[in-house]
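One structure below.
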Amino acid sequence: FGDPGKEGLFALRLKLPEGYRVPPHTHPVDEVVTVISGTFGLGMGETADQSKAQPLPAGSFFALPPETAHYAFIDEETVIQISTVGPWGLKYVNPQDDPRQKSQ
């Protein structure tokens, strides 16, 4: 629903495969996430440490303020829903972690 790149509300669902990792990153606006299925391993800070990631099972909900550094570990197929306002984006703490840069 909506367009994350434009002003206004949007919602998107992401299916994350087992073993997926998201390096430390931030967003320019609030991030509001609901875990639909599976378990989402959420860690806080600028250094990814799986031992410090909190496992959030299906039904969990979290909201992070803008520019909050966080990371994720996915140990089983997991579906999440992000609901917030645009324009939204993702900025990696370490630019070398950005997969968009590797494809260029």
Item checked: Convex hull of the chain built on C-alpha atoms - directionally averaged projected area, nm² -> 6.4 nm²
Item checked: Whole-Å distance, taken between Cα centres, linking the range 1-29 and the range 45-87 -> 10 Å
Note to self: Given a 10 angstrom Cα cut-off, can you work out which residue in S51, S60, S83 is the most mobile in a GNM of the chain?
What the structure shows: S51
Next item on the list: Please calculate how many Å² of accessible area the chain carries per residue, with a 1.4 Å probe and no DNA, RNA or ligand atoms counted.
Entry: 59 Å²
Notebook entry, point to check: If Lys and Arg each add +1 and Asp and Glu each add -1, what is the summed charge of the other residues whose beta carbon sits under 13 Å from the beta carbon of A48?
Noted result: -1
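In debye to the nearest 20, how big a dipole does the chain give about its Cα centre with +1 on each Lys and Arg Cβ and -1 on each Asp and Glu Cβ?
Using Cβ point charges on Lys, Arg, Asp and Glu, the chain gives about 180 debye.
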Note to self: Let me check I've understood the local charge: for W88, count other residues with C-beta under 10 angstrom from its C-beta, Lys and Arg +1, Asp and Glu -1. What total comes out?
What the structure shows: -2
Notebook entry, point to check: Assuming R0 = 22 Å, what is the FRET efficiency of V29 and D97, from their Cβ-Cβ distance, to the nearest 0.05?
Noted result: 0.60
Notebook entry, point to check: Which cross-chain or sequence-distant (5 or more) residues have an amide H under 5 Å from the amide H of V29, H modelled 1.01 Å from N in plane?
Noted result: E67, G89
Next item on the list: May I ask you to compute the full-extension gain from Q54 to L12, defined as 0.36 nm times their residue separation minus their alpha-carbon distance, rounded to one decimal in nm?
Entry: 12.9 nm
Checklist line | Unit charges at the beta carbon, dipole of the chain: most positive-side option, F61, Q101, P24 | finding: Q101
Margin query: Ignoring ligands, DNA and RNA, please state the percent of accessible area on the chain from carbon and sulfur, probe 1.4 Å.
Written below: 54 percent
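The values are calculated or read from the model by the stated rules, or taken from the named source; none is laboratory data. Because the structure is a prediction, the values reported are computed rather than measured. Using ideal geometry, Cβ is built from the backbone for each residue, glycine included, and neighbour counts are taken over all protein chains shown. Side chains are part of the model used for accessible areas, which takes the heavy atoms of the whole protein and leaves out ligands, DNA and RNA. Shrake-Rupley method; radii C 1.70, N 1.55, O 1.52, S 1.80 Å.
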